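Contents: one structure, followed by commentary.
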Amino acid sequence: VKASNSLSFSLQAKMSRPVQARRLEGIDKNIWVEFVKLAATYSKVNLGQGFPDFPAPDFLTEAFTRALGRGNHMLHQYTRAFGHPPLVKVLAQFFEKLLGRDLDPMTNVMVTVGAYQALFCCFQALVDEGDEVIIIEPFFDCYEPMVKMAGGTPVFVPLRPNPPKDGKLMSSADWQLDPAELASKFSERTKAIVLNSPNNPLGKVFSCGELGLIAELCVKHDVLCISDEVYEWLVYDGKQHIRIASLQGMWDRTVIIGSAGKTFSATGWKVGWVVGPDRLLQHLRTVHQNSVYHCATIAQEAVAQGFQRELMLYGKPESYFVQLPKELQQKRDWLVQSLDGVGMKPIVPEGTYFLVADISQFKSDVPDVPNSDEPYDYRFAKWMVKNKGLAAIPLSAFYSETHKNNYTNFIRFCFAKEEATLKAANDILQKWKREKSSS
Ligand code: PMP
């Protein structure tokens, strides 16, 4: 009797009310969960998710080991919530140099769990129910759900491709904002614009003119700028990364976001930061202290030492921030050549470690699925990893639902990879091309 009583109690105790918070509606899908699993299952060569397969620099991993072994047991304990003091101090010194203004390490810098949490803090702290946030397409996909979770409304404006002249390869610089279209998105409802230069996935490095236009509109409409600059050091062909916060009227309204993961090729450490005026950062601190509180002390200590080295070597050939883009430019050029050689037309990126390529000439290889809800590039990328062992990410994943279907002929590759990985990718593509021409 006792047993059956407890059984009926447990049946009654089963919850029937909806458990999901309303703000999660429609944002449960995530491209990375699906494609990381596919790559792990099928890929021989993974150029999908954005992380290097080469080691982080020795000076950084040695700093981590030293921090572990130095006998400073306090590095295993909590540190200051808004950033380990040595790290915020050196970041302030570094950004003083880059921005040409005095910074207070305690109020103008905050350390976060990767740039991802920096973004989360920005949206939660600065976006209210009903606020509009302008997002430039294609965009790092988490911006949209993060704006929605904060109660805001994303407003999208696309970079529009202009065909290159004289049969030249397209460049990421050929993707541009239409100034009138951009201006039309600003209104009294606009709270912020998200800028990501250099841009993931295209590798576009916004020009001085384009940044000037964005800055002018931000000032005119009293709008904030969330400036995701995680690829700030990865700029090629002598191009310059311009920080929008250094343009007139912008410091006061801009939060700069950075990532040690991208900067020092150590994405798993998840150390990121924000730099900006105290009047904005004070609200980010409120979100941070009420959510994650702080990130791993020992990783912060090692990143601080990495920055101290880079501050000493600033602009010198031995600087990692000089060497890494040099190496990556060469890798970019290999992948460009390799893709061009098989007719998967690359869009040459000016920055980042991503490259977008046109798959139109490969359409006949992938069986058509009439009336499929899934965009063509998703089906192509899935087919490619399953049948060729090569992993990439569909470009339409970086577009809003309404614009997705205009950009289904492209996939994104990551070229922050060892020479052997890029050679293996080239072998797959060459073999594929031979099979195509003999069929
Ligand atoms: N912003 C952009 C544009 C990114 O590409 C990424 C990582 N892919 C992030 C932010 C997140 O960086 P982190 O790994 O430091 O959280």
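The values are calculated or read from the model by the stated rules, or taken from the named source; none is laboratory data. Model, not experiment: these values are computed from the prediction. All Cβ positions, even for glycine, are placed from backbone atoms using ideal geometry, and neighbour counts span all protein chains on display. With ligands, DNA and RNA removed, areas are computed over all heavy atoms of the protein, side chains included. Shrake-Rupley method; radii C 1.70, N 1.55, O 1.52, S 1.80 Å.
Among (1) open to solvent by 40 Å² or more (accessible area, probe 1.4 Å); (2) touching a strand residue (DSSP E or B) at 6+ places or on another chain (Cβ under 7 Å); (3) farther than 30 Å from GLU25 by Cα; (4) of a type outside the set (Val, Ile, Thr), there is one condition LYS204 misses while meeting the rest; what is its number? It is condition (1) that LYS204 fails.
Can you pull out every residue in the stretch 96-107 that is in contact (Cβ under 8 Å) with a residue 40 or more places away in the chain and open to solvent by 20 Å² or more (accessible area, probe 1.4 Å)?
So in the stretch 96-107, the residues in contact (Cβ under 8 Å) with a residue 40 or more places away in the chain come out as 97-101, 103-104, 107.
If the condition is that a residue be in contact (Cβ under 8 Å) with a residue 40 or more places away in the chain and open to solvent by 20 Å² or more (accessible area, probe 1.4 Å), then LYS97, LEU98, LEU99, GLY100, ARG101, ASP104, THR107 are the ones that fit.
So for the stretch 15-33 (the condition being within 29 Å of ALA245 (Cα to Cα), of a type outside the set (Phe, Trp, Tyr) and within 16 Å of the ligand (Cβ to nearest atom)), does at least one residue qualify? Within the stretch 15-33, none of the residues are within 29 Å of ALA245 (Cα to Cα), of a type outside the set (Phe, Trp, Tyr) and within 16 Å of the ligand (Cβ to nearest atom).
Please verify whether VAL336 is over 15 Å from LEU91 (Cβ atoms) and not polar (S, T, N, Q), treating the condition exactly as stated. The answer is yes for VAL336. The conditions are (1) away from the ligand (no atom under 16 Å from the Cβ); (2) touching a helix residue (DSSP H, G or I) at 6+ places or on another chain (Cβ under 6 Å); (3) over 21 Å from ASP252 (Cβ atoms), and GLN77 fails exactly one of them. Which is it? Failed condition: (2).
Take the residues in the stretch 37-62 that are in a helix (DSSP H, G or I) and open to solvent by less than 60 Å² (accessible area, probe 1.4 Å); name whichever of them is farthest from VAL127 (Cα to Cα). If you could, list the steps in order and put the result at the bottom.
The first filter runs over the stretch 37-62 and keeps only residues in a helix (DSSP H, G or I), leaving 37-42, 58-62.
This time we only want the ones that are open to solvent by less than 60 Å² (accessible area, probe 1.4 Å), so: 38-39, 59-61.
On the way: LEU38: 35, ALA39: 35, PHE59: 39, LEU60: 36, THR61: 37 Å.
The selected residue is PHE59.
Take the residues in the stretch 367-426 that are among the charged types (D, E, K, R) and buried (at least 16 other Cβ atoms within 10 Å of the Cβ); name whichever of them is modelled with the lowest pLDDT. I'd like the intermediate steps shown before the answer.
Within the stretch 367-426, the subset among the charged types (D, E, K, R) is 368, 373-374, 377, 379, 382, 386, 388, 401, 404, 412, 417-419, 423.
With the extra rule that they be buried (at least 16 other Cβ atoms within 10 Å of the Cβ), the set shrinks to 377, 379, 382, 388, 404, 412, 417.
Details: ASP377: 95, ARG379: 94, LYS382: 95, LYS388: 95, LYS404: 89, ARG412: 98, LYS417: 98.
Among those residues, the one meeting the criterion is LYS404.
For the stretch 316-346, which positions are more than 17 Å from SER265 (Cβ to Cβ) and among the aromatic types (Phe, Trp, Tyr)? Within the stretch 316-346, just TRP334 meets the criteria. How many of the residues making up the stretch 254-290 are outside any loop (DSSP other than H, G, I, E, B) and within 16 Å of the ligand (Cβ to nearest atom)? Looking only at that region, the number is 21. The set of residues from the stretch 152-177 being at pLDDT below 95 and open to solvent by less than 50 Å² (accessible area, probe 1.4 Å) comprises just one member, PRO164.
Which of the residues belonging to the stretch 196-246 are polar (S, T, N, Q) and under 20 Å from the mean Cα position of the chain (by Cα)?
Step one: list which residues in the stretch 196-246 are polar (S, T, N, Q), which gives 196-197, 199-200, 207, 227, 240, 246.
Scanning the stretch 196-246 gives ASN196, SER197, ASN199, ASN200, SER207, SER227, GLN240.
For the stretch 238-297, residues that are under 30 Å from GLN330 (Cβ atoms), polar (S, T, N, Q) and surrounded by fewer than 16 Cβ atoms within 10 Å (Cβ to Cβ) total 1.
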